[in-house]
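Notes for the one structure printed next.
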Amino acid sequence: MKLVFFRGKVPNFGDELNLHVWPELLPAGFLDEDESELFVGIGSIIGNHLDPKARKFVMGSGYAGYMGLPDVHDGTWDIQFVRGPRTAEKLGISPDLSICDSAVLLRVMELPAPDESVNVAFMPHYESLERGMWAEACRLAGITLIDATEPVGKVLAQLRGAKLLITEAMHGAIVADALRTPWIGARPIYSGHHMKWLDWSGALDIDLRMHDLRPSSVLEFYIAATGRGGGKGRAGAINASPLARIPNWALTHMAARHLQKMAQIEPQMSSDAKIAEVTERAEAAVDRFVRSRVSVG
């Protein structure tokens, strides 16, 4: 059974968690390279891009509309649980299968020691690291930048040590919430990333409050204004142009001041009772699945 998850041109914390969580929680040798069976892991990975002939086992994944909607009733899908109620509704499955993003299982694992130097932190979506000027904005604001492309262990230590997390990256919020770090949701500058936040927060009964970011570069300003993903072609060239130097400087300083204001907002967390409940349900679902596979084998 092969583990499948999204891998782009750079590592991304939310997706790379798969390589941190599943080898630790599943028995040795449970995962292999057999593509006739797919273990569909952490992330918005549910879609019609997966091999239609393969047997697909879903463990806390979500559907975000990045790929086409699959027919999960065609006999090749075995859904143990999904990220949230919006995924369950989209797929036409029982709401009882909506538990939580399986990154919540970090709660039952041994984790790196907290990085106590962090204090207030901002975690951009990994795409924003390339499109924006967030390292400079955080420096100006006196806020720690948490880079979603850094190794998982480092990011986990930073999230554990943070006194407060402002996050545009959904898995920043998911993991902070699981580890009981207060967080403030920043509405992703690219609107295509919005729906999945509502999916996850719905599973935890969170009355989600999302707050606007200020774009830190000309390219992010373009993306926010047009709703396009951006990053290539003319838009990317404009961002790198010498003509963009002054507007980029102004936008970065405005973004830094806005981050400082955001740090004064009341943070959010799910209730202790709810996070404990979904952790127990997710752990039980994984255990049942493993035992079913071992007994079949």
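Here are the numbers for this structure:
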| item | result |
| --- | --- |
| Criterion violated by residue 172 - all others in (1) in a helix (DSSP H, G or I); (2) open to solvent by 20 Å² or more (accessible area, probe 1.4 Å); (3) out of contact with any Pro (no Cβ under 7 Å at 6 or more places or on another chain) satisfied | (2) |
| Test set (1) of a type outside the set (S, T, N, Q); (2) at pLDDT 95 or above; (3) surrounded by 18 or more Cβ atoms within 10 Å (Cβ to Cβ); (4) under 20 Å from residue 205 (Cα atoms) - residue 97 fails condition number | (3) |
| Residue check, residue 105 hydrophobic (A, V, I, L, M, F, W, C) and surrounded by fewer than 20 Cβ atoms within 10 Å (Cβ to Cβ) | no |
| Tally, over region 51-67, of residues that are modelled with pLDDT of 95 or more and either touching a Ser or Thr at 6+ places or on another chain (Cβ under 9 Å) or open to solvent by 30 Å² or more (accessible area, probe 1.4 Å) (or both) | 11 |
| Qualifying residue in region 45-54 (condition: of a type outside the set (Gly, Ala, Ser) and part of a strand (DSSP E or B)) | no |
| Number of the condition not met by residue 270 [criteria: (1) modelled with pLDDT under 90; (2) of a type in the set (Ser, Thr, Tyr); (3) part of a loop (DSSP other than H, G, I, E, B)] | (1) |
| Candidates 75, 60, 65, filtered to the one that is under 22 Å from residue 168 (Cα atoms) and either in a loop (DSSP other than H, G, I, E, B) or touching a His at 6+ places or on another chain (Cβ under 6 Å) (or both) | 65 |
| Residue 31 being in contact with a Phe, Trp or Tyr (Cβ under 7 Å, 6 or more places away or on another chain) and assigned to a loop (DSSP other than H, G, I, E, B) | yes |
| Among the residues listed as 137, 88, the single one being in contact (Cβ under 8 Å) with a residue 40 or more places away in the chain and of a type in the set (A, V, I, L, M, F, W, C) | 137 |
| Candidate set: region 1-60, residues that are touching a residue at least 40 places away in the same chain (Cβ under 8 Å) and among the aromatic types (Phe, Trp, Tyr); chosen: the one farthest from residue 100 (Cα to Cα) | 30 |
| Positions within region 179-199 being open to solvent by less than 20 Å² (accessible area, probe 1.4 Å), touching an Asp or Glu at 6+ places or on another chain (Cβ under 9 Å) and not in a loop (DSSP other than H, G, I, E, B), in sequence order | 183, 184, 185, 186, 193, 199 |
| Near pairs, Cβ below 8 angstrom, 6+ apart or cross-chain, from region 210-222 (in contact (Cβ under 8 Å) with a residue 24 or more places away in the chain) to any residue that is open to solvent by 30 Å² or more (accessible area, probe 1.4 Å) and acidic (Asp, Glu) | 216/136 |
| Close pairs (8 angstrom Cβ cut-off, 6 or more residues apart or separate chains): within 14 Å of residue 216 (Cα to Cα) in region 234-251, part of a helix (DSSP H, G or I) and at pLDDT below 80 anywhere | 244/238; 248/239 |
| Failed criterion for residue 46 (all others in (1) open to solvent by less than 50 Å² (accessible area, probe 1.4 Å); (2) on the phi > 0 side of the Ramachandran plot hold) | (2) |
| Number of positions in region 99-149 that are farther than 23 Å from residue 258 by Cα and either assigned to a helix (DSSP H, G or I) or of a type in the set (S, T, N, Q) (or both) | 8 |
| Count - residues of region 120-167 that are within 23 Å of residue 8 (Cβ to Cβ), open to solvent by 10 Å² or more (accessible area, probe 1.4 Å), hydroxyl-bearing (Ser, Thr, Tyr) and at pLDDT 95 or above | 1 |
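The values are calculated or read from the model by the stated rules, or taken from the named source; none is laboratory data. Given the structure is predicted, the values throughout are model-derived calculations rather than measurements. As a convention, Cβ positions derive from the backbone with ideal geometry for all residues, glycine included, and neighbour counts pool all protein chains shown. Ligands, DNA and RNA are excluded from the accessible area calculation, which covers all protein heavy atoms including side chains. Shrake-Rupley method; radii C 1.70, N 1.55, O 1.52, S 1.80 Å.
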